[in-house]
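Working notes, beginning with the structure itself.
Values quoted throughout were computed directly from the atomic coordinates according to the rules given, and no laboratory measurement underlies them. Keep in mind the model is a prediction, meaning the values are calculated, not measured. Cβ atoms come from the backbone with ideal geometry, glycine included; neighbour counts cover every protein chain shown.
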Amino acid sequence: MNIQTTLLFVSFVATIILSLIVVPILKKKKIGQVVREDGPQSHIQKNGTPIMGGIVIILVVTAILAFFVKSNPVLVLPMVALVGFGLIGFLDDFKKLVLKDPEGLSPKKKMLGLLIVTAILIGLYLYVFDLGTTINIPVFGQPIALGIPIFIIFAAFILLGTTNAVNLTDGLDGLATGVVAIIMTFFTLAALKQQNTPIVIFCASTVGSCIGFLLFNMHPAKVFMGDTGSLALGGAVAITALILKMPLYLALVALVCIVDTISVMLQVVYFKATNGKRLFKMAPFHHHLELSGYKETTVVLIFWIITLICCVVAYFI
């Protein structure tokens, strides 16, 4: 059995076992979802569903990486991404759900936290592990080297943009979990192609953990990952793309996350420009589809299939 299959299986089983322990604790502590009143009516039944379950994925994957980090030091990067971005999400979730502050972290504090983690990652990437500033161009296959200032800005955009995009996509049962599992499967295959063993270890572990978590997160969800999980997984996707020199591939493999993000931006701009009118029935776009008559499970399946198709196309370009 090769290492990626072994790690996928180990992380899958470990996530199931840990979820069976953590989910009842979250339920007992009444750390549950608070559904927006202006959202789809079918979501009302989600009120009280345990949240912050993303901590399970972080713990499982980080434990596996810690086992391999001595022989693969570059694994420090995905560990910092998972734990760092996950911590920002955890603080936001904790403030909202445990301290009962509906505002959570203020936007300024949240962005400051994300910027600090981003700065640490870029510093490690460039000046500790010296991974360079080259990126691969899809289709042409010819890598280009960016100047350090441009690369820093570009890498920050990738890290911040991806974490927030995955966070916005996490709005339906199993949606973000499944999308990330598919994307990280793509990156597992890309890492194998590049013979990048550390990233194979990271991606395979993440895929296994996401699939294990999906058993509890699929409709009807028994637990949600919360910002704790969505920000951590967004950071995982972003740092993987950067290490493999494939950040431009995110435009394709993370297409559904980008669509959701753009829909939110357009909704805000249109709302302000038209004195309160809405471009979509609700943003992000997956909620617009729900309010247009599509079942939640149908929307999730459509987004999964689109992501899978995009990843297959990306692998061959």
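A few remarks follow.
- Loop-resident chymotrypsin sites (Phe, Trp or Tyr not before Pro) (DSSP state other than H, G, I, E or B) in region 70-174 with no more than 15 further Cβ atoms inside 10 Å of their Cβ: F129, F140.
- Taking a straight Cα-Cα cut-off under 12 Å and skipping sequence neighbours fewer than 8 places away in the same chain, the aspartates and glutamates within cross-link reach of K110 are D92, D93, D227.
- Orientation-averaged projected area, Cα convex hull of region 44-95 (nm²): 4.1
- Here, P(r) means the percent of Cα pairs in each 20 Å bin from 0 to the largest distance; for the chain it is 33, 59, 7, 0.
- Proximal lysines to K281, defined as alpha-carbon separation beneath 22 angstrom and excluding residues fewer than eight positions away on the same chain: K46, K272, K295
- Kirkwood hydrodynamic radius of region 100-221, from inverse mean 1/r over distinct Cα pairs, in Å: 16.8
- The string of couplings for region 279-289 from the Karplus curve (6.51, -1.76, 1.60, θ = phi - 60°) is 7, 10, 4, 6, 10, x, 4, 5, 6, 4, 5 Hz, one whole number per residue in order, with x for Gly and Pro.
- Volume of the convex hull of region 141-192 (Cα atoms only), normalised per residue: 87 Å³.
- Going from the fewest other Cβ atoms within 10 Å to the most, the residues S19, S292 appear in the order S292, S19.
- Within region 84-135, the proportion of Cα pairs with more than 14 Å between them is 60 percent.
- Charges were assigned to the Cβ only: +1 to each Lys and Arg, -1 to each Asp and Glu. The resulting dipole of the chain about its Cα centre is roughly 480 debye.
- Dipole check for region 236-317: with +1 at the C-beta of Lys and Arg, -1 at the C-beta of Asp and Glu, and the Cα centre as origin, the magnitude is about 260 Debye.
- Burial ordering of D130, D260, fewest other beta-carbon atoms within 10 Å first: D130, D260
- Peptides 141-148, 181-188, 215-222, ordered by how many other C-beta atoms sit within 10 Å of their residues on average, highest first, read 181-188, 215-222, 141-148.
- Across every direction, the projection of the convex hull enclosing the Cα atoms of region 174-317 has a mean area of 9.3 nm².
- Of the peptides 230-237, 281-288, the ranking by mean beta-carbon count within 10 Å, highest at the top, reads 230-237, 281-288.
- Normalised by the number of residues in region 3-251, the average gap of Cα pairs under 8 Å and 6 or more apart makes the relative contact order 34 percent.
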